[in-house]
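Trainee: Supplied in structure tokens, the structure appears directly below.
Quick note: the coordinates plus some simple rules give every number you see, no bench work behind them. All of these numbers come straight from a predicted model, not from anything done at the bench. Every residue, glycine among them, receives a Cβ derived from its backbone with ideal geometry; neighbour counts consider all protein chains shown.
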Amino acid sequence: MPDVTITAAGLRIVKLLVGNPPRTVAELTRAAGVTRTAVTEQLGELQAAGFVERETQRPAGRGRPRHLYRATNSALALLFVGNQRLLVPAIWQAVRDLGGDDLIKKVIDRVSRSLAEHYNSKITAKRPRERLRQLIDLLTAEGRLVDIVEDDGGKLTLYKRSCPFISMAGPHLYVCQVDQKMLGAVIGRPVRRGSCRHEGAPCCTFEIAVR
């Protein structure tokens, strides 16, 4: 899910939809106690962000179509992101307790390989530099905010300004290792993790020597 913000009014609409049958604009207007225009605007923004989807029901005979709105799974994740911050570190700790560092490494390698296979199936370039460019295009299409900067020596620095794993980072930053290994496997060159937003930096950076 892309990094997006949602207003208090939008969150109120989401809460009215989650766990309920699909609702019309009129039903949401009555439940929210605001104007129809306000509800329509919020629904438009929520649809664009992927938190709400619309279904059109057409009458058997004459009459206007009926639009129904329902919350998506992304809306569920939005409401319970705080629980993810508790659950994911607990899972990592359980893996560590059951198998120690060796099992942690195996899990990181397996998850990284799975993600790399997903992106490799969509990348056609052969050279590392071009593979990196295509990967950035794929990440951008997913809603990531990604920039690439090259210095005079040919070293590329990838700036990941948004983080889809923000709620998954435990104290050992295992998920950052997954990201690093995935990048290296897709690009075909060593990748070194630089700064990290989980450690107080503005964004995560990865350094790639493609020459």
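Trainee: My understanding is that a pair violates if its Cα-Cα distance is over 29 Å; which of LYS122/LYS155; LYS122/LYS181; LYS15/LYS105; LYS15/LYS181; LYS126/LYS160 do that in this structure?
Mentor: Flagged as over cut-off: LYS15/LYS105; LYS15/LYS181.
Trainee: Now for a separate question. Tell me the angle of helix 128-141 to the major Cα principal axis of the chain, expressed in degrees between 0 and 90 and rounded to the nearest ten.
Mentor: The angle comes out near 20 degrees.
Trainee: Checking a compactness column here: for the range 1-127, what do you get for Rg(Cα) / (2.2 N^0.38 Å), N being the number of residues?
Mentor: Output field value: 1.52.
Trainee: Taking all pairs of distinct Cα atoms, average 1/r, flip it, and tell me the Kirkwood hydrodynamic radius of the range 8-79 in Å to one decimal place.
Mentor: 12.4
Trainee: Right, another one. Tell me the angle of helix 81-120 to the major Cα principal axis of the chain, expressed in degrees between 0 and 90 and rounded to the nearest ten.
Mentor: In the chain, helix 81-120 runs at an angle near 70 degrees to the longest axis.
Trainee: Okay, next question. I'm a student and want to see the number: the projected area of the Cα convex hull of the range 83-209, averaged over all directions, in nm².
Mentor: 8.1
Trainee: Output the peptides 42-51, 88-97 sorted from most to least packed, where packing is the average of other Cβ atoms within 10 Å over each peptide's residues.
Mentor: Listed from highest to lowest mean packing, they are 42-51, 88-97.
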